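Handing you this structure, nothing more for now.
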Amino acid sequence: MVWAIAAAVLMTAGALGPWAAALGVSASGVEQGHGWIVAGAAALGALLLVLTRANRGAGLFPFVGGLVGAAVAVHDRSRVTLAVHGAGELAHSAVRVGWGLDLALAASIAFAAAGAVWLAAVPSEERF
């Protein structure tokens, strides 16, 4: 459970961090709106895991939350990358994907993996 909670905390940190940066100015995921989805998926998945940890299917919550977070992060990362490549050489050198978006993506994958491991490896009676 520690793995899942740590991943959820990192997902939230990534959502609050910069998702795109240009010339010293950055925009966080929550400013662009999609960061709230990642943070919400992390919070809801972690809360439901804690509340249902004795049930066999409790790992489904971080698994789905991680998939949602990863899908949002991949989508936004693709949008930033396409915008940079479509804007020419000057934009390519000045605009970059922020560390928050990369962290949100990596932590979302870790959250989903923690849920998958929970579902596959931990018998119900040992989940207390």
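Under the 0.36 nm per residue contour assumption, what length would be gained going from the current alpha-carbon distance of residue 55 and residue 96 to full extension? Don't skip to the end; give the middle numbers.
Details: separation 41, 0.36 × 41 = 14.76 nm, distance 4.26 nm.
That works out to 10.5 nm of additional length.
Once whole DSSP H runs in the chain are found, which of them have Cα atoms spread over 30 Å or more along the helix axis and a mean Kyte-Doolittle score of at least -1.0?
Numbers: long enough: 60-86 (38 Å, 0.96); 99-121 (32 Å, 1.64).
Helices meeting the criterion: 60-86, 99-121.
Continuing with the same structure: Using a/c under 1.5 as the rounded threshold, could you call the chain rounded, prolate or oblate? The axes a ≥ b ≥ c are square roots of the C-alpha gyration tensor eigenvalues, and prolate needs a/b larger than b/c, oblate otherwise. Walk me through the numbers on the way to the answer.
On the way: a/c = 3.50, a/b = 2.82, b/c = 1.24.
Note, shape of the chain comes out prolate.
A further question follows. Working out 0.36 nm times the residue gap between residue 9 and residue 117, then minus their Cα-Cα distance, what length gain in nm do you get to one decimal?
Details: separation 108, 0.36 × 108 = 38.88 nm, distance 1.83 nm.
In short, 37.1 nm is gained.
Pick out which of 48, 16, 105 has the largest mean-square fluctuation in a Gaussian network model of the chain, springs linking Cα atoms closer than 10 Å.
48
Of the residues 28, 108, 78, which exhibits the maximal mean-square fluctuation in a Gaussian network model of the chain defined by a 10 Å Cα contact cut-off?
The residue that fluctuates most here is 78.
Cα atoms only: what Rg and Dmax, in Å, come out for the stretch 1-42?
11.4, 40
Helix-derived [θ] at 222 nm for the chain: sum -39500 (n - 2.57) over DSSP H runs of at least 4, divide by residue count, nearest 500? Please report the intermediate quantities before stating the final value.
Values: 6 runs with 93 residues, N = 128.
Helices in the chain give a 222 nm mean residue ellipticity of -24000 deg cm²/dmol.
Using the Cα centre of the chain as the reference point, and only Cβ charges (+1 on K/R, -1 on D/E), how large is the resulting charge dipole? Debye, rounded to the nearest 20.
Charge dipole of the chain: 160 debye, to the nearest 20.
Based only on other Cβ atoms within 10 Å, what is the fewest-to-most ordering of 117, 25?
Working: 117 15, 25 9.
Lowest to highest Cβ neighbour count: 25, 117.
Go ahead and set up a Gaussian network model of the chain, Cα springs under 10 Å, then flag whichever of 41, 20, 83 fluctuates most.
Taking springs between Cα atoms under 10 Å, the residue moving most is 83.
Taken together, the values in this text are just the output of simple stated rules run on the coordinates, not laboratory data. Model, not experiment: these values are computed from the prediction. Note that each Cβ is placed from the backbone with ideal geometry, even for glycine, and that neighbours are counted across all protein chains shown.
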